[in-house]
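Engineer: Right, I'll just put the structure down here and ask away after.
The values are calculated or read from the model by the stated rules, or taken from the named source; none is laboratory data. A quick note: this is a predicted structure, and the numbers were derived from the prediction, not measured. When we count neighbours, we look across all protein chains shown, and the Cβ atoms used for this are built from the backbone with ideal geometry, even at glycine.
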Amino acid sequence: MHIESLSIPDVKIIRPKKHGDNRGFFSETYNKKAFSELGVRLDFVQDNQSFSREKNTVRGLHFQTPPFAQDKLVRVLKGSILDVAVDIRRSSKTFGKWVAAEISAENWNQILVPIGFAHAFCTLEPDTEILYKVTNYYSAANDCGLRWNDPDLAIDWPFSEAEAILSEKDKKQPFFKDAPQLFD
């Protein structure tokens, strides 16, 4: 297993080993002991899975506030995504900055998005399926978000706004400067 930091060092790419032969492959995608040896000491409590039928589907920017804040370990089972994390920790030197990475079934990367980040992804191909682990349970009362296309964040999405496929909820999220709940 290999781990590397992105340009915002708290966001990590994790690449599990993949062992293949004529039958296919085997991979240990999560092992608490191996993660701990890499410095990732998290207690995951829930797995979530999502399927997006269309290319250019955007899910996010989402986060949960304390006491239900969540670290997320995201991987792609089928297809590919551009995964985005926005630092919403007011005391951070990278507050308001974002980082992105392509995660796919082919490249076998995972992305670790820590507490204090708004998280989103967009699908780069149709029929994309995501599986992610979280360190806290879902709480509707603590479920928050930011506008995916906020000009102050200036996220470089790989498609035009007109091509984006969004939920009604994500179309109405607040702008970063107007967000009532960010992390201190």
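Engineer: Restricting the first residue to the stretch 82-105 and requiring it to be at positive phi, which pairs with a second residue that is surrounded by fewer than 16 Cβ atoms within 10 Å (Cβ to Cβ) meet a Cβ separation below 9 Å and a spacing of at least six or different chains?
Structural biologist: From residues that are at positive phi, the pairs are Gly96/Asp152.
Engineer: Kindly evaluate Gly116 against the criterion of being surrounded by 19 or more Cβ atoms within 10 Å (Cβ to Cβ), more than 9 Å from the chain's Cα centre (by Cα), at positive phi and among the small types (Gly, Ala, Ser). Full working, then the answer.
Structural biologist: On the way: surrounded by 19 or more Cβ atoms within 10 Å (Cβ to Cβ): yes; more than 9 Å from the chain's Cα centre (by Cα): yes; at positive phi: yes; among the small types (Gly, Ala, Ser): yes.
Here the answer is yes, as Gly116 does meet what is asked.
Engineer: While we're here: Just to verify a result, which residue in the stretch 1-26, among those that are assigned to a loop (DSSP other than H, G, I, E, B) and over 16 Å from the mean Cα position of the chain (by Cα), is modelled with the lowest pLDDT?
Structural biologist: Here is the first cut: in the stretch 1-26, the residues assigned to a loop (DSSP other than H, G, I, E, B) are 1, 6-11, 16-18, 22-23.
Still in the running and over 16 Å from the mean Cα position of the chain (by Cα): 1, 16-18, 22-23.
Values: Met1: 91, Pro16: 96, Lys17: 95, Lys18: 95, Asn22: 97, Arg23: 96.
This residue is Met1.
Engineer: Quick one: Asn48 ticks every box in (1) polar (S, T, N, Q); (2) surrounded by 11 or more Cβ atoms within 10 Å (Cβ to Cβ); (3) over 18 Å from the mean Cα position of the chain (by Cα) bar one, so which box is it?
Structural biologist: The number of the failed condition is (3).
Engineer: Just one of (1) out of contact with any helix residue (DSSP H, G or I) (no Cβ under 7 Å at 6 or more places or on another chain); (2) within 28 Å of Leu42 (Cα to Cα); (3) buried (at least 16 other Cβ atoms within 10 Å of the Cβ) trips up Ala141, so point out which.
Structural biologist: Ala141 satisfies all of (1) out of contact with any helix residue (DSSP H, G or I) (no Cβ under 7 Å at 6 or more places or on another chain); (2) within 28 Å of Leu42 (Cα to Cα); (3) buried (at least 16 other Cβ atoms within 10 Å of the Cβ) except (3).
Engineer: Pull up the stretch 157-184, narrow it to residues that are of a type in the set (A, V, I, L, M) and modelled with pLDDT of 95 or more, then point me to the one that is farthest from the chain's Cα centre (by Cα). It would help to see each step written out before you state the result.
Structural biologist: Step one: of the stretch 157-184, the residues of a type in the set (A, V, I, L, M) are 162, 164-166, 179, 182.
Restricting the remaining residues to those that are modelled with pLDDT of 95 or more gives 162, 164-166.
Values: Ala162: 23, Ala164: 18, Ile165: 17, Leu166: 16 Å.
Checked the stretch 157-184; the qualifying residue farthest from the chain's Cα centre (by Cα) is Ala162.
Engineer: Looking at (1) over 26 Å from Asn31 (Cα atoms); (2) in a loop (DSSP other than H, G, I, E, B); (3) under 15 Å from the mean Cα position of the chain (by Cα), which one does Ala69 not meet, given that it meets all the others?
Structural biologist: (1)
Engineer: Let me spell it out: the conditions are (1) under 25 Å from Pro151 (Cα atoms); (2) buried (at least 16 other Cβ atoms within 10 Å of the Cβ); (3) more than 17 Å from the chain's Cα centre (by Cα); (4) not aliphatic (A, V, I, L, M), and Gln64 meets all of them except one. Which number is the exception?
Structural biologist: The number of the failed condition is (3).
Engineer: Just to confirm my filter: which strands (runs of 3 or more DSSP E) fall fully inside the stretch 110-184 and include at least 1 residues that are of a type in the set (Val, Ile, Thr) and touching a Lys or Arg at 6+ places or on another chain (Cβ under 9 Å)?
Structural biologist: Details: elements: 110-113, 117-123, 128-134, 143-145.
Strands (runs of 3 or more DSSP E) meeting the threshold: 110-113, 117-123, 128-134.
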